[in-house]
Every structure is written in C-alpha cells, then in structure tokens.
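The values are calculated or read from the model by the stated rules, or taken from the named source; none is laboratory data. Model, not experiment: these values are computed from the prediction. All Cβ positions, glycine included, derive from the backbone under ideal geometry; neighbour counts span all protein chains shown.
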Amino acid sequence: MMHRIEGNLIFAKLDKGEDVFSSIERLIEIYGIKGGTVLSGIGMLREFEIGYFNGKEYEKKFVEKNHELVALHGSISQDEPRLHLHAGLAGPDHMIIGGHLFRGKVDPLLELTIAVTSFPMKRVYNEKTNLKELSL
C-alpha cells in the first residue's frame, strides 16, 4: 500500500491481495485518525461480502469473482465498528450489486480518499434501530 496525507485528506493505493478493512485500519493507526469519512474508493474487489439490513439483521451475500468497485464510502469512528462502509460493485454483466461492505480483497488495485475530521467520532447503540449509530 502506498499512502500520503495532504491537509486533512489521505490518498492511498492498495495493491492486489490486500484486505480493504485491515488496510484502512493501518491508515487509522499510522495517521492517528479519531474520526473521518471514506470519500471515495475505485478499483476492483474479489472475495467480498455485502449485506442488506432488513431491520433486524444483515442478509449477507458473498461474491468470489472480481467486480468493478464503482462506489465506496463510509465513516470512521473511535468505537466498534470503527469502519462503516457501503459499496456498489459491477460484475461482467454490468449489473450493480451493493450494500454494507463486510470484507473484500483488492484485485488488482484500489484507490482511496479519506477525509480526517478535527473531532472524534463515536458510535452509540440505538435500541429503536438495533444499530450502533454515529454520534458527533
């Protein structure tokens, strides 16, 4: 992974085989991120898992084959889950699948832009939604 920071923006290029989540976690540690947002991510993923929240739990789907990552965005907080990512991906049929991203491997590359906030972001459990939601 190559990365660089300018102002509050981190630019990174992940290489084939790197894990999306562990790579972003490394950036969080390197730059001491306490809050932020993944502004964009483009490239390709394989062996990824996405989910749809039905109001009670996530309905998950695992995809083994490479898909074009057409959108990746989300939030970074101090509390678990530190990363909340959503993705849209296109397969060889040009159909888009998407949802909450649980995992994924880069193949052949991923270009990321992350904005770091000047304040910490936290997550607080909401009984009504059954989710740990962002609290500013």
One residue is enough: does the stretch 32-43 have a residue meeting the conditions more than 17 Å from Leu112 (Cβ to Cβ), crowded, with 16+ Cβ neighbours inside 10 Å and of a type outside the set (D, E, K, R)? no
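Restricting to the stretch 76-111, what's the tally of residues that are in contact (Cβ under 8 Å) with a residue 40 or more places away in the chain and within 25 Å of Phe53 (Cα to Cα)?
Quick first cut of the stretch 76-111, residues in contact (Cβ under 8 Å) with a residue 40 or more places away in the chain only: 76-85, 87, 89, 97-111.
From what's left, within 25 Å of Phe53 (Cα to Cα): 76-85, 87, 89, 97-106.
Total satisfying the criteria: 22.
Just checking: which of the strands (runs of 3 or more DSSP E) contained wholly in the stretch 35-121 hold 3 or more residues that are among the acidic types (Asp, Glu), over 15 Å from Phe21 (Cα atoms) and touching a Pro at 6+ places or on another chain (Cβ under 6 Å)? Can you show your working first?
Working: elements: 36-53, 58-63, 67-76, 83-90, 96-116.
The strands (runs of 3 or more DSSP E) meeting that bar number zero.
Mind listing whichever residues of the stretch 1-30 are under 18 Å from Ser77 (Cα atoms) and either surrounded by 15 or more Cβ atoms within 10 Å (Cβ to Cβ) or among the polar types (S, T, N, Q) (or both)? Spell out the reasoning first.
Restricting attention to the stretch 1-30, the residues satisfying the condition of being under 18 Å from Ser77 (Cα atoms) are 8-10, 20-30.
Passing the criteria: Asn8, Ile10, Val20, Phe21, Ser22, Ser23, Ile24, Glu25, Arg26, Leu27, Ile28.
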Residue that is modelled with pLDDT under 95, more than 11 Å from the chain's Cα centre (by Cα) and not small (Gly, Ala, Ser), where the choices are Lys34, Lys16, Lys56: Lys56
So, in the stretch 78-136, exactly how many residues are under 15 Å from the mean Cα position of the chain (by Cα), over 22 Å from Arg46 (Cβ atoms) and among the basic types (Lys, Arg)? 1
Which residues, taken from the stretch 19-31, are more than 14 Å from the chain's Cα centre (by Cα) and either part of a strand (DSSP E or B) or in contact (Cβ under 8 Å) with a residue 24 or more places away in the chain (or both)? Ile30, Tyr31
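State whether one or more residues within the stretch 114-123 are in contact (Cβ under 8 Å) with a residue 40 or more places away in the chain, of a type in the set (S, T, N, Q) and surrounded by 16 or more Cβ atoms within 10 Å (Cβ to Cβ). Give the derivation first.
Going through the stretch 114-123, the residues in contact (Cβ under 8 Å) with a residue 40 or more places away in the chain turn out to be 114-123.
So of that shortlist, the ones also of a type in the set (S, T, N, Q) come out as 117-118.
Those still in the list that are surrounded by 16 or more Cβ atoms within 10 Å (Cβ to Cβ) too: 117.
Among the residues of the stretch 114-123, at least one is in contact (Cβ under 8 Å) with a residue 40 or more places away in the chain, of a type in the set (S, T, N, Q) and surrounded by 16 or more Cβ atoms within 10 Å (Cβ to Cβ), which makes the answer yes.
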